[in-house]
Amino acid sequence: MVQVTKPKQSLNKSENLIIKLYLVERGCGDKTSWTEKNVQVAKCQNKHLCNTKEFFENKLFCLTVNIGKITNEISKMSEPCGEDHKACYHQRSEVLYLGCGKCNDKYCTNCKTNFCNVEEKGYKKCYTNTKNMCYAKPDETCFMERTKNNKVNKGCGNCPTKTCITCNKHECNDGKNLPYYCLDYDGKSPIECKKSDCYIDKCRLILGLE
């Protein structure tokens, strides 16, 4: 027997709201009539009236990744993890690995809810000043800093100075969107600039009565 769920999205134009509905199909056999990609299927065998709501809700679905030559396509699993897998994993190495099961590798994280192994809960790579990358924990950031000689300093963690910004995505600190900085009117506070040129003016004012 089979139970299948498929999200259906509709738009309420009067209120400009998106409403997501979940459709359910049940039946005999091990196939479903739906051909869409975003469908989750759970199958049970040799059990009387087994394709219940509780049976489906006790299944674990994870994100998976298809490694391509140019980009990696992340998608939702159509079938649940096996009975011996009670967690999803997110592993970052030379490439990204997602799937069912637990991992103990250095740059791997585990979670236990449906489609929980998202990028935000896994390690991310950050650029450094060398060809090597550093790895930031899920709650850590990458940073890119504008140095005094207008170079870019990159790495994992928090900003070392005020002429710096942080980001929280994989390989986000490439330095391309890093602004330039000049001192503000007080001579102490840095301000963001589009170009590398800074200026300072000095004007002498003479005030008095004739």
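Read-outs: derived from the displayed coordinates by stated rules, not from any lab. For clarity, every value in this text was computed on a predicted model and none was experimentally measured. Cβ sites come from the backbone with ideal geometry, for glycine too, and all protein chains shown count toward neighbours.
Distant-in-sequence amide contacts of Gln40, defined by a placed amide H-H separation under 5 Å and a gap of 5 or more residues or a different chain, comprise Thr5.
Taking amide H atoms as placed 1.01 Å from N in the peptide plane, the amide H of Phe115 lies under 5 Å from those of Phe61, Cys62, Leu63, each 5 or more residues away in sequence or on another chain.
Evaluated over segment 38-121, the count of Lys pairs having alpha-carbon atoms less than 24 Å apart is 28 (only pairs 8 or more residues apart or interchain). Note on Phe55/Asp105: beta-carbon distance plugged into 1/(1 + (r/R0)^6) with R0 of 35 Å gives a FRET efficiency of 0.60.
If you bin all the Cα-Cα distances of segment 123-199 at 5 Å, starting from zero, the percentages per bin are 3, 18, 27, 21, 14, 10, 5, 2, 0. Over segment 38-121, the fraction of Cα-Cα pairs per 10 Å bin, rounded to whole percents and listed from the shortest bin up, is 17, 45, 26, 10, 1. Rounded to the nearest 0.05, the FRET efficiency derived from the C-beta distance between Glu83 and Tyr135 at R0 = 22 Å is 0.10.
What dipole magnitude, in Debye to the nearest 20, does segment 110-210 give about its Cα centre under +1 on Lys/Arg Cβ and -1 on Asp/Glu Cβ?
Rounded to the nearest 20 debye, it is 420 debye.
Estimated from the Cβ-Cβ distance and a Förster radius of 25 angstrom, the FRET efficiency linking Val118 and Asn177 is about 0.60.
Note that segment 132-137 has calculated 3J(HN,Hα) couplings of 7, 9, 10, 10, 9, 5 Hz, one per residue in order, obtained from phi through the Karplus relation 6.51 cos²θ - 1.76 cosθ + 1.60 (θ = phi - 60°); glycine and proline are x. Take the Cα of Ser196, go 7 Å toward its beta carbon, and the backbone nitrogen atoms of segment 153-167 under 19 Å from that spot belong to 153-154, 163-165. This ranking places Arg26, Arg204, Arg146 by how few other beta-carbon atoms lie within 10 Å of each, fewest first, which gives Arg204, Arg26, Arg146.
When segment 125-191 is described by a simple charge dipole with +1 on each Lys and Arg Cβ and -1 on each Asp and Glu Cβ, the residue from Asn153, Thr141, Ile165 located farthest towards its positive end is Asn153.
Of Tyr135, Tyr185, the sequence from fewest to most neighbouring Cβ atoms within 10 angstrom is Tyr185, Tyr135.
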